[in-house]
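To start, the structure under review is shown below, and the notes come after it.
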Amino acid sequence: HEIRMFSKDELQFLHEAILLFNDEAFYECHEILEELWEKLKGEEKRWIQGLLQISVGFYHLRTDNEKGCRSQFTKSLDKFSQNSHHHMPFRLESILDIVKGIATGFIIFNPNYNAPKIKFDERSKYSI
């Protein structure tokens with residue numbers, strides 16, 4: 001899979017979405033990511049879809065929809081299964097561990113679970 005760089009405009013969308021995610025405004029984050037997702041192709045589109053599904057999963061977690069949460073988290077894991085996410089401008093390892101734990105039932109479903117924060121990767125080739 002060829003990996004291209006996000007444009008400055010795409011990074012602005014992504015940055016806004018991550019700020020919303022970190023504020024636990026998961027529905028609003030999903031809206032921004034969906035708009036970005038529609039414009040992308042290739043691996044970037046796949047990453048954003050996975051991040052979108054994580055955001056929707058946390059929205060379902062907050063609204064006590066266990067089935068919806070686990071479904072979205074399970075779908076999202078497939079988008080990051082080949083470690084290609086290491087090229088993204090943000091770090092997801094800790095979030096993916098939690099998503100996998102909730103998806104598989106290793107972590108008990110709890111609507112009050114504190115969502116982890118997403119951090120931009122300073123080592124990335126991307127900059128805001």
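Just a few scattered comments:
- Pair list, Cβ under 7 Å, 6 or more apart: region 34-46 residue closer than 19 Å to Ser81 by Cα, other residue acidic (Asp, Glu) and assigned to a loop (DSSP other than H, G, I, E, B): Gly42/Glu2
- Qualifying position, being among the acidic types (Asp, Glu) and at pLDDT 90 or above, among Glu122, Glu35, Glu43: Glu35
- Elements of type helices (runs of 4 or more DSSP H) in region 1-101, at least 3 residues being acidic (Asp, Glu) and open to solvent by 10 Å² or more (accessible area, probe 1.4 Å): 8-22, 26-37
- Whenever a residue of region 80-95 is hydroxyl-bearing (Ser, Thr, Tyr), its partners that are at pLDDT 70 or above, lying with C-beta atoms within less than 8 angstrom and at least six residues away or across chains, give the pairs Ser84/Glu43; Ser84/Arg46; Ser84/Trp47; Ser94/Pro116.
The values are calculated or read from the model by the stated rules, or taken from the named source; none is laboratory data. Since this is a predicted model, take the numbers as computed values, not measurements. Cβ coordinates were reconstructed from backbone atoms using ideal geometry, including for glycine residues, and neighbour counts include every protein chain displayed. Heads up: the accessible areas ignore ligands, DNA and RNA and are worked out on the full protein's heavy atoms, side chains in. Shrake-Rupley method; radii C 1.70, N 1.55, O 1.52, S 1.80 Å.
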